[in-house]
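Working notes, beginning with the structure itself.
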Amino acid sequence: MILLTAFLFTIQISKAQTDKGDQSLGINLGASYNDQKSFVNDPFNNSSSNQETKITSFDIGPNYSYFIADKLDVGTSLYYSYYKDKYNYGDNSASPTNESGKTYNATIFIRKYLMYNDKLGMRVGPYLSYEYANQTINYNALNAANNLNSTINSYGGGINLELIYYASKYLGFSASLANVNYYHSKSNNGDQGNGSGNQVNFDYIDNGLNFSIFYTFGNK
């Protein structure tokens, strides 16, 4: 909706700067919120309960790119991400009561721009990234022994597809449409040992709002 508003209220004639030698400096922003409620009936012990899950997350960070050719740039980005999950499954549940985590990410990328009339289009390309995360999981008093504090190091990469719009020659907006990625991670769980794993993810626009605002400048 933010991008659509920009499309409707910002009308310019100037050509976007996506030529060789141009540079781009911007900020990435993302947020999501999910509230799920359900009624669960357990026939094995003739019990029922109302359950609720609330998931909140956001991320923010700068990005920079340099156009090595017309409509082709390479660059890097950093971001900080935070999430918090709250679970209400009843006092006797063995499930966590809440979960939270912080992630620090560094990414390098290359992107191809597919523009329509030099204002509206898409950009797509591969990227490699490293993540360091802290994670905390808490249980109720009956299951407090399961509380977990861990650190996670992840390495991976993927391909990202974005919608892009230049409101003027210099100012642009982008929004993530789809993202396919693979990550290998290693975790240190303190007294509960260590672990490792592999993940393949496919994210799309309905998973949350992720967009970028950037300023492009060059010699022209």
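None of the figures in this text is laboratory data; all of them are computed from the coordinates on show. Remember, predicted model here, so these are calculated numbers, not experimental data. Please note: Cβ atoms are built from the backbone with ideal geometry, for glycine as well, and neighbour counts cover all protein chains shown.
Computed quantities for the displayed model
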quantity: Cα centre as origin, Lys/Arg/Asp/Glu Cβ charges: segment 98-191 dipole, Debye; calculated: 440 debye
quantity: Computed lengthening from S100 to D118, 0.36 nm per intervening residue step minus Cα-Cα distance; calculated: 2.3 nm
quantity: Estimated inter-spin distance, I213 and N134, nm [label 7 Å along Cα→Cβ]; calculated: 2.9 nm
quantity: Percentage relative contact order, segment 114-220, counting C-alpha pairs under 8 Å, at least six apart; calculated: 24 percent
quantity: Within segment 120-148: backbone nitrogen closer than 19 Å to the L163 label point (7 Å, Cα to C-beta); calculated: 120-125
quantity: Extension reserve of the I68-N201 stretch, reckoned as 0.36 nm per residue once the Cα distance is removed; calculated: 44.9 nm
quantity: FRET E, pair S32, N188, Förster distance 35 Å, beta-carbon r, rounded to 0.05; calculated: 0.80
quantity: At R0 = 30 Å, FRET efficiency that the Cβ-Cβ distance of A145 and E52 yields, to 0.05; calculated: 0.75
